[in-house]
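Asker: Please find one structure pasted underneath; my questions will follow.
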Amino acid sequence: DGFENTTGEAGERMKAMLRSSQELTSNGLAMVTEISSILASYNLPFNVSRRLLSSEDGDDTTPSWLSHGKRRLLQATGKTIKADVVVAKDGSGKYRTVN
């Protein structure tokens with residue numbers, strides 16, 4: 001719909017790519033369904049339980065595998081983080097913006 005009033009071949013190319021992705025997705029789902037039914041016919045025991053990445057202490061704001069420093073960085077506000085960068089191709093640092 002977003003390509004109705006466009007000139008050039010962008011709309012047609014997008015339609016072709018979407019059609020291709022739909023076909024690939026459909027084929028992938030059909031393969032998974034077939035494999036699932038084959039495995040089910042063998043009556044093999046397998047674990048289908050989900051392993052959720054959450055902390056064991058009940059604090060689900062950040063995963064338990066995240067380091068303390070990275071937790072602090074994620075919880076910091078934009079005002080408390082000071083970037084240490086140089087914005088100049090020559091490395092001089094005399095520029096303050098990127099165009």
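Every number here is computed from the coordinates shown, using simple stated rules; none is lab data. Note that the structure is predicted; figures quoted are calculated from it, not measured. Every residue, glycine as well, gets a Cβ built from its backbone with ideal geometry; the counts of neighbours run over all protein chains shown.
Asker: Rounding to the nearest 20 debye, state how big the charge dipole of region 1-48 is about its Cα centre with +1 on each Lys and Arg Cβ and -1 on each Asp and Glu Cβ.
Answerer: So the dipole magnitude of region 1-48 works out to roughly 160 debye.
Asker: Among T6, T97, T62, what is the fewest-to-most ranking by other Cβ atoms within 10 Å?
Answerer: Fewest-to-most ranking of T6, T97, T62: T97, T6, T62.
Asker: Using only the Cα atoms of region 1-48, construct the convex hull and provide its projected area averaged over every direction, in square nanometres to one decimal.
Answerer: Projected area, direction-averaged: 4.7 nm².
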